[in-house]
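A.B. asks: Here it is, the structure in full.
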Amino acid sequence: MTPLKLFLIAAGIVALFVAPLGQGNYIIYILSSWLMFSIAAMGLNLTLGYAGQVSLAQAGFMGIGAYITALMTLAGIHWAVAVVASVSACFVIGLLLGYPALRVQNHFLAFVTLAFNTLLFLVFRNEEEITGGSFGLVGMPRPSFFGVSTAKNLQFYYVTLVCFLIAAGALWWILRSPWGRAFKALRENPIRAESLGLKIRRQTLLAFAIGSAFGGLAGAVQSPLVQFIEPGSFGLIHSLKILLMVVVGGAGYFFGPMLGAAIVILLPETLRFTEGYYLIIYATAVIVLMVYSPGGLIGLGQKIYNRLRPGYEARRDLQQGVQL
């Protein structure tokens, strides 16, 4: 990694730490929501952008993590323990779902995960004794660490930020490990990857399970952040929302989910001054982006950079070799 990239990453982390200072509770909540959805989108990006498999169940895994965390914290168990349980449960469920589901590929897998998300929604709504049904669960406590409370929005923002940085660091390590190179090979050419000895199904299953665990972490953050969860928060529309974050930001790019989550979460807030027209403007901007840049915003930025940077051309007198 170049010194410039290291400097930009360090500057970005510093900006995240100072961003909520002096802001009101609503702005801090919006920033926390952006970090939370970025975690979920990072997991989906691993499944879609790197392993090349479409999943429509990311909101469902967020729901699993949120409900497990809510039930455990309401029972008096510390939030940190509930986070570990939520992430582990989503990883295992991702393995169990992925093993039969990954017999199919691409849009067929999307239908399987869509059905799973719908099934989870029905379970959350109908198991009233556990999940509270349509009324949901309320009053999840925010944790304390070594006697320091995080009850206020600003304090819990930094808890969310730490979770975001841990998730980003884990994803960074995964993508630069042999697993990450295998995921990229599967996305580019599965047949060639298999010919080189990669176990396609095992690697794809691993990517799906890890992406599901990221969804569980996002749900574990959502439970104390919102302090109210109900089945509608984890329906299909929210899985599509997370998918939009990945696609708009740039699937297959490390910073794509973060940028996409910023667009999906923060842009509508900045357009509210247009009153009833902000959704029309927002939807039009997304459609234009997808038409002219399927690679998302980062892909568009790379296209512009490649056109503007100076080109290098070989000497024409050397194209035919040395004339004797």
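A.B. asks: Residue check: is Val112 in a helix (DSSP H, G or I) and modelled with pLDDT under 90?
C.D. replies: On the way: in a helix (DSSP H, G or I): yes; modelled with pLDDT under 90: yes.
Yes; evaluated as a whole, the condition is true for this residue.
A.B. asks: Out of everything in region 220-237 that is surrounded by 24 or more Cβ atoms within 10 Å (Cβ to Cβ) and of a type in the set (Val, Ile, Thr), what residue ends up being nearest to Leu171 (Cα to Cα)?
C.D. replies: Once the filter is applied, the top-ranked residue is Val221.
A.B. asks: Sticking with this structure for a sec: Report, ordered by the first and then the second residue, all pairs with beta carbons closer than 6 Å, sequence separation of six or more or different chains, a first member in region 167-179 that is assigned to a helix (DSSP H, G or I), and a second member that is at pLDDT below 90.
C.D. replies: Every condition considered, the pairs that remain are Ile174/Gly180.
A.B. asks: Considering only residues that are surrounded by fewer than 24 Cβ atoms within 10 Å (Cβ to Cβ) and either in contact with a strand residue (DSSP E or B) (Cβ under 7 Å, 6 or more places away or on another chain) or farther than 23 Å from Arg202 by Cα (or both), which ones fall in region 52-72? Talk me through it step by step, then tell me what you get.
C.D. replies: Filtering region 52-72 for residues surrounded by fewer than 24 Cβ atoms within 10 Å (Cβ to Cβ) gives 52, 54, 56, 68, 71-72.
The answer is Ile68, Leu71, Met72.
A.B. asks: Just checking, does region 84-98 include any residue being at pLDDT below 90 and over 26 Å from Met258 (Cα atoms)?
C.D. replies: yes
A.B. asks: Can you give me the number of residues within region 266-292 that are without any contact (Cβ under 8 Å) to a residue 12 or more places away in the chain and either surrounded by 20 or more Cβ atoms within 10 Å (Cβ to Cβ) or charged (D, E, K, R) (or both)?
C.D. replies: 2
A.B. asks: Which numbered condition trips up Asn189, out of (1) modelled with pLDDT under 85; (2) closer than 28 Å to Ala115 by Cβ; (3) polar (S, T, N, Q)?
C.D. replies: (2)
A.B. asks: For Gly133, all conditions in the list (1) under 16 Å from Pro231 (Cα atoms); (2) loosely packed, with under 15 Cβ neighbours inside 10 Å; (3) more than 21 Å from the chain's Cα centre (by Cα) hold save one; what is the number of the exception?
C.D. replies: Here Gly133 clears every test but (2).
A.B. asks: Limited to region 41-78, what total is found for residues that are more than 16 Å from Val248 (Cα to Cα), of a type in the set (A, V, I, L, M, F, W, C) and not in a loop (DSSP other than H, G, I, E, B)?
C.D. replies: 10
A.B. asks: Out of the residues in region 15-51 meeting the condition of being crowded, with 20+ Cβ neighbours inside 10 Å and of a type in the set (Ser, Thr, Tyr), tell me which one is nearest to Phe108 (Cα to Cα).
C.D. replies: Thr47
A.B. asks: Now a separate question. Could you tell me whether any residue of region 202-214 is modelled with pLDDT of 75 or more, of a type in the set (Lys, Arg), part of a helix (DSSP H, G or I) and more than 16 Å from the chain's Cα centre (by Cα)?
C.D. replies: Filtering region 202-214 for residues modelled with pLDDT of 75 or more gives 202-214.
In the following step, the residues that additionally are of a type in the set (Lys, Arg) were identified as 202.
From what is left, the residues that are part of a helix (DSSP H, G or I) are 202.
Restricting the remaining residues to those that are more than 16 Å from the chain's Cα centre (by Cα) gives 202.
Within region 202-214, one or more residues are modelled with pLDDT of 75 or more, of a type in the set (Lys, Arg), part of a helix (DSSP H, G or I) and more than 16 Å from the chain's Cα centre (by Cα).
A.B. asks: Between residues in region 247-265 that are in a loop (DSSP other than H, G, I, E, B) and residues that are small (Gly, Ala, Ser), which pairs lie under 6 Å by C-beta distance while being six or more apart or on different chains?
C.D. replies: Short answer, once both residue conditions are applied: Gly250/Gly256; Gly250/Gly295; Gly250/Gly296; Gly250/Gly299; Ala251/Gly49; Gly252/Gly49.
A.B. asks: Among the candidates Leu240, Leu217, single out the residue that is in a helix (DSSP H, G or I) and surrounded by fewer than 23 Cβ atoms within 10 Å (Cβ to Cβ).
C.D. replies: Details: Leu217 fails: surrounded by fewer than 23 Cβ atoms within 10 Å (Cβ to Cβ).
Unique residue meeting the criteria: Leu240.
A.B. asks: Going by what's in this entry, would Gly12 be described as surrounded by fewer than 22 Cβ atoms within 10 Å (Cβ to Cβ) and either at pLDDT below 95 or assigned to a helix (DSSP H, G or I) (or both)? So that I can check it myself, show each step before the final result.
C.D. replies: Numbers: surrounded by fewer than 22 Cβ atoms within 10 Å (Cβ to Cβ): yes; either at pLDDT below 95 or assigned to a helix (DSSP H, G or I) (or both): yes.
Answer is yes for this residue.
A.B. asks: Quickly run through region 192-201 and pick out the residues that are assigned to a helix (DSSP H, G or I) and modelled with pLDDT of 70 or more. Reasoning before the result, please.
C.D. replies: Kept after step one, since they are assigned to a helix (DSSP H, G or I), are these residues of region 192-201: 192-195, 200-201.
Those that are assigned to a helix (DSSP H, G or I) and modelled with pLDDT of 70 or more: Arg192, Ser195, Ile200, Arg201.
A.B. asks: Which of the residues spanning region 150-180 are touching a helix residue (DSSP H, G or I) at 6+ places or on another chain (Cβ under 9 Å) and β-branched (Val, Ile, Thr)?
C.D. replies: Passing the criteria: Thr150, Val159, Thr160, Ile166, Ile174.
The values are calculated or read from the model by the stated rules, or taken from the named source; none is laboratory data. Note that the structure is predicted; figures quoted are calculated from it, not measured. Reconstructed Cβ throughout: ideal geometry from the backbone, glycine too, with neighbour counts over all protein chains shown.
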